[in-house]
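No value in this document is a laboratory result; all are computed from the given coordinates. This is a predicted model, so every value here is computed, not measured. Please note: Cβ atoms are built from the backbone with ideal geometry, for glycine as well, and neighbour counts cover all protein chains shown.
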Amino acid sequence: MLTRSFCCFRGLSVEAEAMLWRRGCLSWRHLGIEARRVLSPAKSASVIEQLPLFKTALEARSADFFVGRLPAGHRLRIFPAFVQDAAFLDIETTGLSRQAVVTVISVLQNGKMQTFVRGRNLHDFIQVWQGMRVVLTFNGACFDLPFLMREFGFSCKPAHIDLKHEAKCWGLRGGLKEIESRLGYRRTDIESGDGEKAVELWETYEMTGDAIHLQKLIAYNTCDVRSLELLAKRIWKLSCQNYPAPHPAS
């Protein structure tokens, strides 16, 4: 879908993109001919001038280039071009203060779920982080990423798509659990909870050493990650809904 998107070009809005689609300009390869017919001379010249840059960025697999240029609500258009390099991520911590630390990290990438636990294998997350081109979170700009940067001392991060902001553009507001309910997602008892419950589970696990509390925490955390994947697919479909021809599956 990325090469069929025009709202990432400087000077073209989502509305202009829809107009191009309606007029039969359906992909980048049509721009050289159709842009001059549909757009003003100045705007068509600007778009055609930008096209080599976009092609080079795609060949170089620069996800950050496209995430930075696609408008909010449409950044998931980078799929499926970058799906193999993308990871859904969620963390748990001991609280919200700057003194709090990361306890659990779950990552879903290429259909494989990996979980990293403090005191066990948390340091192995570094290798996974280095292999990401795109990371998808819910409210990660304010929570997950600052904690990870501080915990591991990272100085740079992959291209980031915060699904909270993407969902808001489509009227899906509130927390992840609230959006799940609106979309009809249901959790089992072991998967349910909230941030406070996650902190309590970790504290109880540390005090008692009883693995059942850790298992509940991991189940809650991995369910959050699965929800990110489902939410991303829903937003992707909404973003592509006005495209007048078949498009790649998410």
In order over region 140-149: 3J(HN,Hα) from phi, Karplus 6.51/-1.76/1.60, θ = phi - 60°, whole Hz, x for each Gly or Pro, gives x, 4, 9, 10, 4, 5, x, 5, 5, 4
For Leu172, what is the net charge nearby, where nearby means another residue's Cβ is under 12 Å from its Cβ and Lys, Arg count +1, Asp, Glu -1?
+2
In whole angstrom, note down how far apart the Cα centers of region 107-134 and region 1-78 are.
34
Lys and Arg at +1, Asp and Glu at -1: neighbours of Gly95 with Cβ under 15 Å from its Cβ sum to -4
Between Lys157 and Arg37, the FRET efficiency computed from the C-beta separation at R0 = 45 Å comes out, to the nearest 0.05, as 0.60
Highest to lowest packing among 81-89, 40-48, scored as the average C-beta count within 10 Å:
81-89, 40-48
Given 0.36 nm per residue, what is the gain on full extension from Glu200 to Gln84 after removing their alpha carbon distance, in nm?
38.3 nm
Once you have the Cα-Cα distance between Gln99 and Trp170, take 0.36 nm times their residue separation minus that, and quote the gain in nm to one decimal.
22.0 nm
What fraction of the DSSP beta bridges in region 25-135 is antiparallel, stated in percent and rounded to the nearest 5?
85
Cα lying deepest toward the dipole's positive end in the chain, options Leu148, Ala35, Leu51, charges on Cβ:
Ala35
Under the rule rounded for a/c under 1.5, else prolate if a/b exceeds b/c, else oblate, using alpha carbon gyration tensor axes a ≥ b ≥ c, region 71-213 is classed as oblate
With θ set to phi - 60° and the Karplus curve 6.51 cos²θ - 1.76 cosθ + 1.60, what are the ³J(HN,Hα) couplings of region 103-119 in order, to the nearest whole Hz, using x for Gly and Pro?
10, 9, 10, 10, 9, 10, 9, 6, x, 10, 8, 10, 10, 10, 10, 4, x
With label points built 7 Å along Cα→Cβ from the Cα atoms of Arg23 and Gln215, find their separation and express it in nm.
6.2
Cβ-based net charge around Phe9, under 9 Å, with every Lys or Arg adding one and every Asp or Glu removing one
+1
What helix-only [θ] at 222 nm does the chain give? Using -39500 (n - 2.57) per DSSP H run of at least 4, over all residues, to the nearest 500, the answer is -14500 deg cm²/dmol
Using a Förster radius of 45 Å, what is the FRET efficiency between Arg186 and Leu53 based on their Cβ-Cβ separation? Nearest 0.05, please.
0.50
Using Cα springs under 10 Å in a Gaussian network model of the chain, which residue among Cys240, Cys142, Cys223 shows the largest mean-square fluctuation?
Cys142
Would you mind checking which residues have amide H under 5 Å from Val135's amide H? H placed 1.01 Å from N; only 5 or more apart, or other chain.
Ala87, Ala159, His160, Ile161
